[in-house]
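Accompanying notes for the structure given below.
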Amino acid sequence: MEQEQDEEKLLRSVALQNARSIQLARDRAERELLQTQEALRESKEQTTAINEALLIAGLHQHELTEAAEKLNSQLQAEITERKQAEESLRQAQKQLKEHAATLERTVRERTADLKETNEQLAAFVYSIAHDLRAPLRSMQGFSQVLMDDYAPSLDETARNFLNRINASSEFMDKMIIDLLAFGHVGRTDTKLESVKVQAAWETAIYQHATQIEQTKTQIQTVSPLPSVRANEATLAQVLANLLGNAIKFVPDGVQPKIRFWAEEWEEGGMEKKGIGGLLDEWMDGGKSNPPIHPSNNPPIQQSPHPAIPSSRPPPGFVRLWMQDNGEGIPPDQHERIFRVFERLHGSRFPGTGIGLSIVRKGVERMDGSVGLESEPGKGTRFWIELKKA
């Protein structure tokens, strides 16, 4: 009996343990099921997110594809437009080159024609001017014969008329001579070489020796004078014309005073050669500087207080200055005086109005430039710039 009870207890114990094992297995299975369901739910959510991301990526890819296609079309259009522009540019350059060649050829032809025409005109003017002097000399000769041989039998009016005829013919003869000189400067082959300014200046002074003596002109030369690239005869003529004007255009009763000097500057703006200028004391009538005449022309050293010019010559050039104590020239007339037949002072002073035209043409033929600084009543400073030798 007891044995049966023990077996029954053992069976109940085994059954209880099995039930507990089954319950544990069931609980474990439920937990695993829940975990599996949770994993499935998360997997589903992830799948949904992935699908949404794929959809968005697809949309973006479509947009990027459209943008890429649009950009590619724009690039193709720009490439085509650039090629067309390059082709147009090549055509324009070709046409421009052809036009430039045609224009250059036309300019050469017209320049040659103009040069030939100018030469013919200059020769014609020279010939006419030369031929006009013969009848002028006849007019002068016959009017002088009338004055010498028949003056007593002529009344005052007739003698006045003869004097006017003689004076007019002399003036015209001077005008023709100046025209011939002007044409000669323009037609002469100006060969440039190293010229000593001192030699050209002495030649200019010699040409006006009589006028200098008669007017008691005082001349100062600031030494040393450099050498320049010029034509000696042309430079001497230019200086002579300027010197003649400086002697002539002074107020009545004023003794002409003239000073001539040169200046030159190096690249860095440092002074290389001497600068000269008229001392105010000497210009106003002082005697601090003695006069220089053609017969006694030693160089005078640079003044200790020169008049500093308002500008400097460019490097490689020499500027020659000539200053006088004449009547001066208004600023608005500085350009006019270089024109042919321009006479600023009218009949107050003798002359034909061609001298300064010859100066400008001669200086330009020597690859130089000319100008002036002047005011009425304060004299004039003419300057000439030429390449240094």
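The values are calculated or read from the model by the stated rules, or taken from the named source; none is laboratory data. Source: prediction; values computed, not measured. Cβ: placed from backbone, ideal geometry, glycine included. Neighbour counts: every protein chain shown.
Restricted to segment 210-241, and to residues there that are crowded, with 19+ Cβ neighbours inside 10 Å and among the β-branched types (Val, Ile, Thr), the residue that is nearest to residue 262 (Cα to Cα) is 222. Determine whether segment 62-71 contains at least one residue that is part of a helix (DSSP H, G or I) and touching an Asp or Glu at 6+ places or on another chain (Cβ under 7 Å). There is no residue in segment 62-71 that is part of a helix (DSSP H, G or I) and touching an Asp or Glu at 6+ places or on another chain (Cβ under 7 Å). Being modelled with pLDDT under 85 and touching a Ser or Thr at 6+ places or on another chain (Cβ under 7 Å) is the requirement here; does residue 340 meet it? Spelling it out, residue 340 is indeed modelled with pLDDT under 85 and touching a Ser or Thr at 6+ places or on another chain (Cβ under 7 Å).
Is it the case, given these coordinates, that residue 119 is assigned to a helix (DSSP H, G or I), under 34 Å from the mean Cα position of the chain (by Cα), farther than 30 Å from residue 180 by Cβ and of a type outside the set (A, V, I, L, M)? So residue 119 fails the test.
Name the one entry in 84, 120 that is modelled with pLDDT of 85 or more and surrounded by 10 or more Cβ atoms within 10 Å (Cβ to Cβ). First the steps, then the outcome.
Values: 120 fails: modelled with pLDDT of 85 or more.
Criteria check complete, one pass: 84.
Looking only at residues in segment 135-186 that are of a type in the set (Ser, Thr, Tyr) and buried (at least 17 other Cβ atoms within 10 Å of the Cβ), the one that is modelled with the highest pLDDT is 143. Between 110, 26, the distinction of being under 36 Å from the mean Cα position of the chain (by Cα) and in a helix (DSSP H, G or I) belongs to 110 only. Identify all residues within segment 350-389 that are in a helix (DSSP H, G or I) and among the β-branched types (Val, Ile, Thr); write none if there are none. Result: 358, 359, 363.
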